[in-house]
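**Q** The structure that follows is given in the form of structure tokens.
What follows is calculated from the coordinates using simple rules that are stated; it is not laboratory data. Quick caveat, the model's predicted, so the values are computed rather than measured. Cβ atoms come from the backbone with ideal geometry, glycine included; neighbour counts cover every protein chain shown.
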Amino acid sequence: MFKNWTPPHEDPMGIKIDGSIAAIEKVNIGGIEQAIMLRGKSTGNPLLLFLHGGPGIAQIGFARHYQKELENHFLVVNWDQRGAGKSYSKKIRKASMNLEQFISDTYELISKLLERFGQKKLFLVGHSWGSVIGAFVAQRYPELIHAYISSGQMVHREQSMMVSYHLLLFTAMKKGKQSALKALRKIGCPPYQSSKDLSAYWKCLARLGGSIRNGSLIKKLSRGFLSSEYTAGDWLRFRRGIRFSLKHLKLALMKVNLFEQVPELQVPAYFFVGRYDYLAPSELQEQYYEYLDAPVKDIIWFENSAHAPHLEEPLPFFINCLRVKEEILTPRPSQKSLLYV
């Protein structure tokens, strides 16, 4: 059992709300125990499964602080994926750290959630690395998905890095950031063969606001450092899980090309795009949005975000998730019925 916990939903008198859920659980997925957190004011609300980014940047430790409003209207499920956060273990087979396994894990988790809560479909949100998994899952299992919501959609990793590099060069020159400009010119264009050059690229990305517009990822995560959801040991697993996941999934990520692999979806698709996203360049996300064939699609711009709108602008993120829910689940009157209004 977990020694840590997630706070219950309570009314103004401090009494737990009937029908609410706030739990951290272990679930057998893909033959290993993995951790999920379920939070919602009503278990009857539509399920929303959030696929975290990285690879390896698990969310259970801090997600609650950014999803309070979502929990009023959805049953929100955060999942520390195989090899990440609470789901990290030295016993995980390295051979299982591949994209197909993650797609399979996601399908298995979705099936378990739908059966448990008596629902036929759920809303699927994928951020960054999670958006790669999400796109493939939405493509293969449309019968289980109300709508796919991408945030920081990864489209074509090799192309993204090249576009990102030139955006960083332009920004460094425009802002007069001489040290960043010097570092970028020194490492040159991607791909990067050495970890030193890749590290320099990541530092420039962070310094120039291309990953988080204001502040840093560590600052965003810090809201969870004293939270009840993660123990000190969990934060240690979090760090180890990032290294482990990146090491074994880096090549899989570099092979992603959604223009070829996921040219169409049979579910509504919504793109939440940070205007200043240089990690998954917003212009590339827009190109993919225009290219994608889907029954319904929309692109929503977050003007004060880079790569993580759900952390940088949580209220607008919630408002747009709620709009997606209403558009999908609210019955629309037929043309015939309108004639008699």
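**Q** What percent do you get for the relative contact order of the stretch 217-341 when only Cα pairs under 8 Å and 6+ apart count?
**A** 21 percent
**Q** Could you tell me the distance between the Cα centroids of the stretch 1-61 and the stretch 205-237, to the nearest Å?
**A** Taking the Cα centre of the stretch 205-237 as reference, the centre of the stretch 1-61 is 19 Å away.
**Q** Where is the GNM fluctuation largest for the chain (alpha-carbon springs, 10 angstrom cutoff): 229, 260, 158?
**A** Ranking 229, 260, 158 by mean-square fluctuation puts 260 first.
**Q** Tell me what the chain gives for mean residue ellipticity at 222 nm when only DSSP H runs of n ≥ 4 count, each as -39,500 (n - 2.57), the sum divided by the residue total, rounded to 500 deg cm²/dmol.
**A** -12500 deg cm²/dmol
**Q** Another question, if that's okay. Where nothing but the Cβ of Lys and Arg (+1) and of Asp and Glu (-1) is charged, how large is the charge dipole of the chain around its Cα centre, in debye to the nearest 20?
**A** For the chain, the charge dipole is close to 1560 debye.
**Q** Assuming a viscosity of 0.890 mPa s and a temperature of 25 °C, what translational diffusion coefficient in µm² per second does Stokes-Einstein assign to the stretch 167-250, Rh being the Kirkwood radius over Cα pairs?
**A** The diffusion coefficient I find is 165 µm²/s.
**Q** Sticking with the crude label model, points 7 Å out along Cα→Cβ, report the distance from residue 98 to residue 275 in nm, one decimal please.
**A** The modelled label-to-label distance comes out at 4.3 nm.
**Q** What FRET efficiency comes out for residue 235 versus residue 173 if R0 is 35 angstrom and r is the Cβ-Cβ distance? Round to the nearest 0.05.
**A** That pair, residue 235 with residue 173, gives E of 0.40.
**Q** Of all beta bridges DSSP finds with both residues in the chain, what is the antiparallel percent, to the nearest 5?
**A** Taking every DSSP beta bridge with both residues in the chain, the antiparallel ones total about 40 percent.
**Q** Hey, could you grab the Kirkwood Rh for the stretch 183-341? Inverse mean 1/r over distinct alpha carbon pairs, Å, one decimal.
**A** 18.9 Å
**Q** Label residue 290 and residue 43 with points 7 Å out from Cα along Cα→Cβ: what is the distance between them in nm?
**A** 4.8 nm
**Q** Just 17, 29, 60 to compare: in a GNM of the chain, with alpha carbon springs under 10 Å, which one fluctuates most?
**A** Of the options given, 17 has the highest mean-square fluctuation.
**Q** Label 7 Å along Cα→Cβ of residue 260; the stretch 158-193 residues with amide nitrogen under 13 Å?
**A** 158-159
**Q** Now for a different question. What is the calculated FRET efficiency for residue 194 to residue 18, with r their C-beta to C-beta distance and R₀ = 56 Å, to the nearest 0.05?
**A** 0.45
**Q** Separate question: Mean-square fluctuation check for the chain, GNM, Cα pairs under 10 Å: which of 291, 165, 276 is largest?
**A** 291
**Q** For residue 303 and residue 89, what does the FRET efficiency come to when R0 = 56 Å and r is the distance between their Cβ atoms, rounded to the nearest 0.05?
**A** With a Förster radius of 56 Å, E is 0.85.
**Q** I've got another one for you. Quick check: residue separation of residue 228 and residue 111 times 0.36 nm, minus the Cα distance between them. What number comes out in nm?
**A** 39.3 nm
**Q** Separate question: I need the shape label for the stretch 247-304. Rule: rounded when a/c is under 1.5, else prolate if a/b > b/c, else oblate, with a, b, c from the alpha carbon gyration tensor.
**A** Oblate, since a/c reaches 1.5 and b/c is not below a/b.
**Q** Let me ask something else about it. Helix check for the chain. Which DSSP H runs span at least 20 Å along their own axis by Cα, with a mean Kyte-Doolittle hydropathy no less than -0.5?
**A** Flagged H segments are 99-117, 157-175, 232-254, 314-329.
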